[in-house]
């Protein structure tokens, strides 16, 4: 057991550090942001320029094999890079779906032509990808999706509606899951496609979130034509393709659920007064800080354990479901505690109260989304109960019936 | 809305108070007990003598109609009596199953002869009753019970095993639920009986509880013969008879789940030191005291609301399930907090630490039992979800099949 | 003993519910949420016309002359419909303080106009022991009010403010020279906040009786009334979620048939039952001015804050993705639960209040 | 970075598990629980023979010469099998203190005999900031120990005691004249307690290094080691409950197919995963004497106490009525979870320790 770098890791860290110092600006505070003041188009252009530099240096796909355009490094090197990059101002989540979800799926299931065509431009940031998976009637029950893919010669004609598609309004490409066979049971008969987002028939509309933000979209598909050469993986195997996507995502999510909310709580509690003394001296506040640390750093440690397993060629398994379950809750509880520190004044939104309140307030209002997106609390618990603990799956009547007969 | 007595209630309270002062000893402390130092036989004799005096004064069945040997009073009078009696030393729970569970069932379902024969002696304490319901394979799923009742002329022959029977070792009679028809579905085909506990073939064995106490028994029934005149309610209607029993019990339970643990916590926290100051000054301890009060007094208030409904001739419904759910949890959490007050020294059992620790320690170790007995947390939540909120019952495959086919 | 509201009170509650359900719709609340209005004038007008604003104000002062029990039921319905109106500041706090601490002239000057809705008051009469500002302080000397106070509910629309300044209760006309108001973005935009500064503004004292004890008593009453709003809101979210899970299907069944969903709703129900029980006890204590008021009010506030927070969080969760959109009302309850739960101090502060009351009673 | 135990360490753990599963059976633990023995001599002997007692003691002092990481894994297996042995008092505390604060003579006098199990030590080296006793105090002057200390683990069977007295670490032979021992009924009778009084008993100081800081460091290490015991116990209850719900049927199905049962087990699993992660981090911090030790140990202790408490309470609950009988082991875990969670201070105290460490690091 060793938290220190191996000599190779230390060398790589130093190299990365030098490169970052030469190519990016160091972060001075939590509120310091890449591209502050830019509009969306300018921000995307700056993000792409950054990603191109990063790809040129070989850091866009550190753990991917060289044959795929990667650096051929170890997962540990990927972690080292991430730790160092976090200290600098870099684009926030623009390439997360591209490089964390879509491209790994293309790398795993794509034809040589598809890989040739899509991997490098995505690494460089020329192409940004989105993932067209969820539908209004297919959230937790993704197998229930109804977007229809009908074969027409060498093409497929796609119609339906997707929802919660992050980045669809600026992505060039998407992976798209649709039902190509209505006579098979629900999780069969699905096929995955690569879709050019400029194809006629695609209508992207932003979703107004409960947090008053617009990070997601509804995507309406109306007779969208996709050549069969853009099919990703075998016809009817879309479910399997998607599971491999989600497995990637589950692990990548881990990092989103750690964080330093507990440190923010300390600062805010020092600046708040309870009964004439700093709130940080109150025993319940201190217990809340301790609990935030236990959850957030606990999640980080579980992810590090998973990383160590990857380093040894093992696969971190379904037990990673605990990460999201615990992490999203930590946002909800810790965010609420931060807001409570100020009493009535804590109800003033950060725009008027001060930048240091922005993140905790945002965590609080977006925590309900975090508990739903990427698999609800209940889905995570089912995963643990069934895949880790070996408990029986829920009795189902819909698993083996032709999908056609399930539609109401 | 009025928490004060009506003039009639105030008169009755004064009358009860005078009678109690003349006939019982006032309680001086929480640890002051009826019959301290007596062995079980002596305790039971003293309890019976007390109950006989109480019955002679008309207080054994205040809200029961005069025709049944009751006082013909109101539920509010019953409450008033209970409030006053709680200030005196009286037997603890000896007659609870008799008068709270068994006798109300006899009163509701018994023949005129049965009522004539059984009510008065039970009110007087001459007869103590138990309730032979649960079985090893029939806990939450009471419909799964397998004790067999076979008709033989004018008699029934009963064989099987009951469990968690409180007071079976000193009771004279019991109500007994058994399966008289194995070809009906599980909750049909049951019949309720009255059984004389001295009948040959009955073997009572005490259960060693997790709390190191012996309040319950296993009861083995081996060819126990019961005349058909001792059948309680129609043949095959035992489920319905039992539901009316449990409905009584659920409400009666309310009072067992209130209490003054919060007040005990205050005293104990004043006597404990944390970092050189009384623990009662610590904010988390204070929050724990507040929460214990909210749960325990909340339960008491819900029961009072139910009492008010009864006074108006309404029936407190399945929402009373919340009482047990909240109350049993309060025992577990509050008991644990009490034990935690002393740190390492709090681990010393009350016998060596002091009488004031007995109740909180007992609440802690018996709380798991309270969360199970009389309907587990899960059963209470199902009741609320289905009977209050109108959510669908769990899909069941065992409801309509002949019981014979369900037995593994 | 009769621990229930009377039939007359129930009928009144139903009437209020009927009107508010018609008037304080999601669309109406959203006019405030989206910043198009600072409060729902229509809802306010309807409550005034019903006599609900003056329900605890004597008839000779323009009120309905009923009492606090009835006001509790109005609060429950306002909470249920997310009513975007200044009930807390104008009715629960300002009117109550003026009733107890105002001279006959002050009472007859302000209470009739508060009762008929023409005058809106903002108020802060608790000592704000949880605070961020170091420079927030008011002084009142020689009839002049000076200083700043932040996070005033309804501060932009109020005509007057009732404030606890040191040990005195002060009423100030906000149209007077020297008053500066700044809107402050609120985590529940349907309940706006403002910062007010006073530069030697002429103000009058409400000087009948002991200011501190009146302020305390009114604050305890407000805790009870907010508990009713919270219980109303919590129950609304419970039943909205219940209705949704009976419609939404996944894995071949309505999701309301999944035990995890059922048990979550049962937990919400149990929390609300406990909160309701304490709220009722608080109502009784407030209406009878019982010695139990401090612990009854504190318990009502804590239990109701916990219940509404749970119901709003889990009610949204049970809706899944759709619950996380701006168009659904789930987030409005989440925001309102937080606003109601903090505006007169958080559950932490009120747990401490409850503990102090219990320990005091035990002594 | 490699956040995992090595294969050698894993093999050692498996060996310890194999032996303890054979030896520290429910029946064996119950000999102590029921009062027939004060500790399981058989389990103790087996641990000694395995080299597990001296695993963190240097070879030249009779130990195995491995280290704290290995000792953590022994602790996990002892927790899993409810081992009724004085690991905490003799190994985690006394041996560690003697190792750090003892003279060469003291070390070679005691450590070999502790490592081979011939000498059992009891120890209290935390300042007991949560306490009931007002008359509990020790003084050490002129080589003589006077006073009383209560709730000593294994106090009836120990040969020696290591005690923090004011700012000094003291070793006392319990066979010396002037020592009075009184057994104290324990909420976990399988881990007995005693009260010891000293009437001017001859004792020696462990005087190498700063006593307070050594005591602190050893206490933090004990928190980590207890966390491993707690994680082991918690995991045992989780899987015992899992196995039971796969057998027990109700309503026509195994109860493990009910979602409320599944999700409860998943919650237990998640709590244990968090606890395990912090326990491992604590192990690393202890083994490397990292500056992170205070927060790592405190977090490990809090997370593990929470996880074992939850697992023991809900593990019993999932067994239903049968789980509430003396014959089932569920209550033994409930009792052990409480004992382990309080014997060096409760989770409240350690949450405070954690907060203080975090706030200190942030400064």
Take the residues in segment B:140-183 that are within 14 Å of chain D (Cβ to nearest Cβ) and part of a strand (DSSP E or B), then tell me which one is farthest from residue B:107 (Cα to Cα). B:161
I'm checking my understanding of the structure. Among residues of segment D:285-298 that are crowded, with 24+ Cβ neighbours inside 10 Å and within 8 Å of chain A (Cβ to nearest Cβ), which one is farthest from the chain's Cα centre (by Cα)? D:295
Number of the exception - residue D:363 against (1) in contact with a helix residue (DSSP H, G or I) (Cβ under 6 Å, 6 or more places away or on another chain); (2) more than 8 Å from chain B (Cβ to nearest Cβ): (1)
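One line per residue, one yes/no per condition, for (1) surrounded by fewer than 24 Cβ atoms within 10 Å (Cβ to Cβ); (2) farther than 12 Å from residue D:218 by Cβ:
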| residue | (1), (2) |
| --- | --- |
| D:47 | no, yes |
| D:54 | no, yes |
| D:67 | yes, yes |
| D:75 | no, yes |
| D:78 | no, yes |
| D:88 | no, no |
| D:98 | no, no |
| D:101 | no, no |
Residue under question is residue D:357, and the condition is that it be farther than 22 Å from residue D:262 by Cβ, part of a helix (DSSP H, G or I) and in contact with a helix residue (DSSP H, G or I) (Cβ under 8 Å, 6 or more places away or on another chain); does it hold? yes
Is it true that some residue in segment D:201-211 is under 28 Å from residue D:78 (Cα atoms), in a helix (DSSP H, G or I) and touching a residue at least 24 places away in the same chain (Cβ under 8 Å)? no
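Where residues in segment A:262-284 are in a loop (DSSP other than H, G, I, E, B) and within 14 Å of chain B (Cβ to nearest Cβ), which of them is farthest from residue A:329 (Cα to Cα)? Steps first, please.
Kept after step one, since they are in a loop (DSSP other than H, G, I, E, B), are these residues of segment A:262-284: A:272, A:275-276, A:282.
Within this subset, residues satisfying the condition of being within 14 Å of chain B (Cβ to nearest Cβ) are A:275, A:282.
Values: A:275: 29, A:282: 23 Å.
Filtering first and then ranking leaves A:275.
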Just to be sure, is residue A:87 touching a strand residue (DSSP E or B) at 6+ places or on another chain (Cβ under 8 Å), in the same structural domain as residue A:18 (by TED's automatic domain parsing) and over 27 Å from residue A:206 (Cα atoms)? yes
With the requirement that a residue be crowded, with 24+ Cβ neighbours inside 10 Å and facing chain A (nearest Cβ under 10 Å), what does segment C:153-191 give you? C:153, C:188, C:191
For segment C:299-355 the number of residues that are more than 10 Å from chain A (Cβ to nearest Cβ) and free of Cβ contacts under 8 Å to residues at least 40 places away in the same chain is 1
Picking from C:233, C:221, C:209, the residue that is touching a helix residue (DSSP H, G or I) at 6+ places or on another chain (Cβ under 6 Å) and modelled with pLDDT under 95 would be C:209
Which residue out of D:155, D:102, D:147 is out of contact with any helix residue (DSSP H, G or I) (no Cβ under 9 Å at 6 or more places or on another chain) and over 17 Å from residue D:46 (Cα atoms)? D:147
Which of the residues spanning segment C:322-338 are crowded, with 21+ Cβ neighbours inside 10 Å and in a helix (DSSP H, G or I)? C:323, C:324, C:330, C:331, C:332, C:333, C:334, C:335, C:336, C:337, C:338
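Could you please find all residues in segment B:384-403 being assigned to a helix (DSSP H, G or I), surrounded by fewer than 22 Cβ atoms within 10 Å (Cβ to Cβ) and touching a residue at least 24 places away in the same chain (Cβ under 8 Å)?
B:387, B:388
Every residue in segment B:306-342 that is touching a helix residue (DSSP H, G or I) at 6+ places or on another chain (Cβ under 8 Å) and either without any contact (Cβ under 8 Å) to a residue 24 or more places away in the chain or not assigned by TED's automatic domain parsing to the domain that holds residue B:375 (or both), please.
Pass one, segment B:306-342, residues touching a helix residue (DSSP H, G or I) at 6+ places or on another chain (Cβ under 8 Å): B:306-307, B:310-311, B:315-342.
B:315, B:340 - these are the residues of segment B:306-342 that are touching a helix residue (DSSP H, G or I) at 6+ places or on another chain (Cβ under 8 Å) and either without any contact (Cβ under 8 Å) to a residue 24 or more places away in the chain or not assigned by TED's automatic domain parsing to the domain that holds residue B:375 (or both).
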If a residue has to be surrounded by fewer than 20 Cβ atoms within 10 Å (Cβ to Cβ) and touching a strand residue (DSSP E or B) at 6+ places or on another chain (Cβ under 7 Å) to count, how many in segment C:226-246 make the cut? 1
Residues that are more than 9 Å from every other protein chain (Cβ to nearest Cβ) and crowded, with 21+ Cβ neighbours inside 10 Å: which helices (runs of 4 or more DSSP H) entirely in segment B:285-376 hold 1 or more of them? B:321-340, B:358-370
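Could you identify the single residue in D:217, D:191, D:236, D:242 that is within 29 Å of residue D:300 (Cα to Cα) and not in a helix (DSSP H, G or I)? Working first, answer last.
Details: D:217 fails: not in a helix (DSSP H, G or I); D:236 fails: not in a helix (DSSP H, G or I); D:242 fails: not in a helix (DSSP H, G or I).
Of D:217, D:191, D:236, D:242, the one residue that is within 29 Å of residue D:300 (Cα to Cα) and not in a helix (DSSP H, G or I) is D:191.
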Looking across segment D:105-144 at residues that are touching a helix residue (DSSP H, G or I) at 6+ places or on another chain (Cβ under 6 Å) and part of a loop (DSSP other than H, G, I, E, B), the single one that is surrounded by the fewest Cβ atoms within 10 Å (Cβ to Cβ) is D:116
Failed item in (1) part of a loop (DSSP other than H, G, I, E, B); (2) modelled with pLDDT of 95 or more, with residue A:94 passing the rest: (2)
Starting from residues that are touching a residue at least 60 places away in the same chain (Cβ under 8 Å) and surrounded by 15 or more Cβ atoms within 10 Å (Cβ to Cβ), keep the ones in segment B:18-48 and report whichever is farthest from the other protein chains (Cβ to nearest Cβ). B:48
Residue pairs within 7 Å by beta carbon, gap of at least six or interchain, first lying in segment B:56-76 and over 21 Å from residue B:307 (Cα atoms), second in a helix (DSSP H, G or I), listed first then second, are B:57/B:19; B:68/B:107; B:68/B:115; B:68/B:119; B:69/B:119; B:69/B:120; B:69/B:123
Whether any residue in segment A:116-139 is more than 20 Å from the chain's Cα centre (by Cα), farther than 30 Å from residue C:322 by Cβ, in a loop (DSSP other than H, G, I, E, B) and within 14 Å of another protein chain (Cβ to nearest Cβ) is what I want to check. no
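The values are calculated or read from the model by the stated rules, or taken from the named source; none is laboratory data. Just so it is clear, the structure is predicted and the values come from calculations on it, not from any experiment. Every residue, glycine as well, gets a Cβ built from its backbone with ideal geometry; the counts of neighbours run over all protein chains shown.
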